[in-house]
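Here's the structure we're looking at; comments come further down.
Any read-out appearing in this document is the output of simple, stated calculations on the displayed coordinates, not a laboratory observation. Please read all numbers here as calculations on a predicted model, not as lab measurements. Cβ: placed from backbone, ideal geometry, glycine included. Neighbour counts: every protein chain shown.
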Amino acid sequence: MIVKIERLPLRTVWKDEARDFTRWLQDNLDILNVILDLNHASAEREQRAGAFSVDLVSEDDSGALQGFRWGRADTGSMSNPPLWK
């Protein structure tokens, strides 16, 4: 069966960021690795980064951290959502 891919607002698919979207990212880290050309083995949800909270933090085999945020962020040097290194 061939279906048309449809672009939808995130909140249509994932109603709640913490319970739905962030959990999906954590559970599908292997897909993110392929799409974003990453090599992350594990991810932890709701981690502190100074005065801020990062929705999902993961580390690759070189020790580089990756943070994923939902929506806009007012975080100074980390202000390029949804992804920062």
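Tabulated values for the structure
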| read-out | value |
| --- | --- |
| Residues of segment 31-48 satisfying the condition of being more than 22 Å from ASP20 (Cβ to Cβ) and in a strand (DSSP E or B) | ALA41 |
| Count - residues of segment 34-51 that are free of Cβ contacts under 8 Å to residues at least 40 places away in the same chain, exposed (fewer than 13 other Cβ atoms within 10 Å of the Cβ) and among the hydrophobic types (A, V, I, L, M, F, W, C) | 4 |
| Positions within segment 1-33 being without any contact (Cβ under 8 Å) to a residue 24 or more places away in the chain and among the aliphatic types (A, V, I, L, M), in sequence order | MET1, ILE2, VAL3, ILE5, LEU8, VAL13, ILE31, LEU32 |
